[in-house]
Amino acid sequence: MLIYNYFISCYYKSGDFMIYQLYSKKEIKERPKRKLVTLESYVIGKNAPTVLICPGGAYKFVSDSNEGKPFAEKMNERGYNAFVLFYSTGSGNARYPYPLKDVARAMQFIKSKADELQIDADRIALMGSSAGGHLCAFFSTQYERFECEYEGKDYSLKPKALLLVYPVITMGELTHKVSRQNLLGFMTGKPEREAASVEKHITADYPPTFSWHNKDDKSVDYRNSVMLEEALKENGVVHEVIYYETGGHGIGLAQGKDAEGWINKAIDFLDRNI
């Protein structure tokens, strides 16, 4: 069992939120780009549940401006603590399993800070958009692989629920090809693609899941969410999947679009299932 025998205290304040460094100096020395993996905290305390947000960006960058901070602020308004994860992205740096390890570390960090931040460590949901949706959905099939001792304790990394926003689900024919290339590389075969296709690994133990998608999405085919919905139904997983006719991709809160108000529906789902 891997032991992390150090305490992370590297953080700084930016505006109304704290930014935490998730890896130690030793780990950053081993892989320097780990320095870019940070966690923005939007904490209201009150022993409330928490949403860990993974914005999209094709595993190429983290689209915080429309799929990070705005979501976190909405979560705060509805009584949830929130964190935005800047996970490993870019050529080579986004290669499996680095982004999933970042999600695991973020969850461990949040749980280890639960008393200090006055949050409910047993109720943490994941929220992801586009490629970040794939990251959250994929992690939910893989989390046991990343459980290890952290700060002298073992933490369960299973999310209590998932909120997915126009997510990439499959690595097969209907995938978003740039996301697949960044996560798996250019020279991948069928076994690697199937291993990272969420719809093929959902079981009855999968977390309750909310997802939405626009049917005119030209970047991530809405049939990704159809595949997700079919797998959730087949395995008896509590879920809600909503389709809107227009709106395209990457629209965040979807103000002025068909999907406007989706985030309140997502949080209503969360209220019932976390």
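A few notes on this one:
- For Ile53, the stated conditions do not hold, so it cannot be described as modelled with pLDDT of 95 or more and either surrounded by fewer than 17 Cβ atoms within 10 Å (Cβ to Cβ) or outside any strand (DSSP E or B) (or both).
- Taking the criterion of being surrounded by fewer than 24 Cβ atoms within 10 Å (Cβ to Cβ) and either assigned to a strand (DSSP E or B) or in contact with a Lys or Arg (Cβ under 9 Å, 6 or more places away or on another chain) (or both), the only residue of region 59-79 that qualifies is Gly79.
- Scanning region 204-225 for residues that are in contact (Cβ under 8 Å) with a residue 60 or more places away in the chain and polar (S, T, N, Q) yields Thr209, Ser211, Ser219, Ser225.
- Applying the condition of being crowded, with 16+ Cβ neighbours inside 10 Å and among the hydroxyl-bearing types (Ser, Thr, Tyr) to region 190-213 and asking which residue is farthest from Gly261 (Cα to Cα) yields Ser197.
- Only strands (runs of 3 or more DSSP E) whose full extent lies in region 80-173 are considered here, and the ones with at least 2 residues that are over 26 Å from Lys60 (Cβ atoms) are 119-129.
- Restricting region 20-45 to residues that are β-branched (Val, Ile, Thr) and not in a helix (DSSP H, G or I), the residue that is nearest to Ala72 (Cα to Cα): Val43
- Filter result for Phe186 (of a type in the set (Phe, Trp, Tyr) and under 18 Å from the mean Cα position of the chain (by Cα)): no
- Condition met for Tyr166 (surrounded by 22 or more Cβ atoms within 10 Å (Cβ to Cβ) and in contact with a Leu (Cβ under 8 Å, 6 or more places away or on another chain)): no
- Residue in region 226-237 that is assigned to a helix (DSSP H, G or I) and in contact (Cβ under 8 Å) with a residue 60 or more places away in the chain present: yes
- Inside region 253-274, residues that are in a loop (DSSP other than H, G, I, E, B), more than 22 Å from Val198 (Cβ to Cβ) and not acidic (Asp, Glu) make up a count of 6.
- Here region 217-252 is the region considered, the condition is being under 21 Å from Glu199 (Cα atoms) and of a type in the set (Gly, Ala, Ser), and the residue that is surrounded by the most Cβ atoms within 10 Å (Cβ to Cβ) is Ser225.
The values are calculated or read from the model by the stated rules, or taken from the named source; none is laboratory data. Everything quoted here is computed from the prediction, not taken from an experiment. So basically every Cβ, Gly included, is an ideal-geometry build from the backbone, and we count neighbours across all protein chains shown.
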